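Worksheet for the structure shown next.
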Amino acid sequence: MTIKTVGVVGSGIMGSGLAEVIARGGMNVIVRSRSQATAEAMVASVGKGLSKQVEKGRLTEEEKAAILGRITAVSELSALADCDLVIESVVEDLQTKKSLFAELDAIVKPTAILATNTSTLPVIELAMCTSRPELVCGIHFFNPATAMPLVEIVRPLSASDSTIEIATAFAETCTKQPVQV
């Protein structure tokens, strides 16, 4: 499976960085925030950061426009239904993440991979909240995601080889250096 559309749940510092990195990798990104205003503010923030890159000669205006054109801001989880991969980047609270994974499991297409950006909570507990534990893994980007090259691909016991291969290829498409843990 090739990842074409990625959902990001959370529009804070990590969600913003993930959106930019994924869009720079050529994939479409749908960022979900609790409100449309905060989702749109996150896209505007990414735009400001890209404008600085243009000023420094690291990006062209066309590249900036293309990157921003691949980012969509939404406030409804249902907008993530057709994503190939959804990465959550919400508050570091196990119960919050478990509830989110159960909700995402009911919304996204059956072949979608669900991933967490956590580096502290047990991924297996999130996987067990879904009907697809073989399609759940950790994809941990370090902060700031736009600058840090390493990405941890966290394999719970339930994840399939295919899920880990796809997650690894996704990180490489984002021009990151994945390491399986």
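The values are calculated or read from the model by the stated rules, or taken from the named source; none is laboratory data. Predicted model only: the values in this text are computed from it and were never measured. Glycine also receives a Cβ, built like all others from the backbone with ideal geometry; neighbour counts cover every protein chain displayed. With ligands, DNA and RNA removed, areas are computed over all heavy atoms of the protein, side chains included. Shrake-Rupley method; radii C 1.70, N 1.55, O 1.52, S 1.80 Å.
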Among strands (runs of 3 or more DSSP E) completely within segment 107-181, the ones holding 3 or more residues that are touching a residue at least 24 places away in the same chain (Cβ under 8 Å) and open to solvent by less than 20 Å² (accessible area, probe 1.4 Å) are 113-116, 136-141
Filtering segment 12-29 down to residues that are of a type outside the set (Lys, Arg) and open to solvent by 30 Å² or more (accessible area, probe 1.4 Å) yields GLY12, ILE13, MET14, GLY26, ASN28
Being of a type in the set (Gly, Ala, Ser) and farther than 25 Å from GLU92 by Cβ narrows SER51, SER11 down to just SER51
Restricting attention to segment 34-51, does a residue exist that is part of a loop (DSSP other than H, G, I, E, B), modelled with pLDDT under 95 and among the small types (Gly, Ala, Ser)? yes
Checked SER51, SER89, SER45 against criteria (within 18 Å of GLY7 (Cβ to Cβ), touching a helix residue (DSSP H, G or I) at 6+ places or on another chain (Cβ under 9 Å) and touching a residue at least 12 places away in the same chain (Cβ under 8 Å)); the one match is SER89
(message) Given the criteria surrounded by fewer than 20 Cβ atoms within 10 Å (Cβ to Cβ) and at negative phi, does ARG32 qualify?
(response) no
Picked from segment 54-69 (must be in a helix (DSSP H, G or I) and in contact with a helix residue (DSSP H, G or I) (Cβ under 7 Å, 6 or more places away or on another chain)), the residue surrounded by the fewest Cβ atoms within 10 Å (Cβ to Cβ) is GLU61
Report task. For segment 81-95, state whether one or more residues are buried (at least 20 other Cβ atoms within 10 Å of the Cβ) and over 14 Å from the mean Cα position of the chain (by Cα). Result -> no
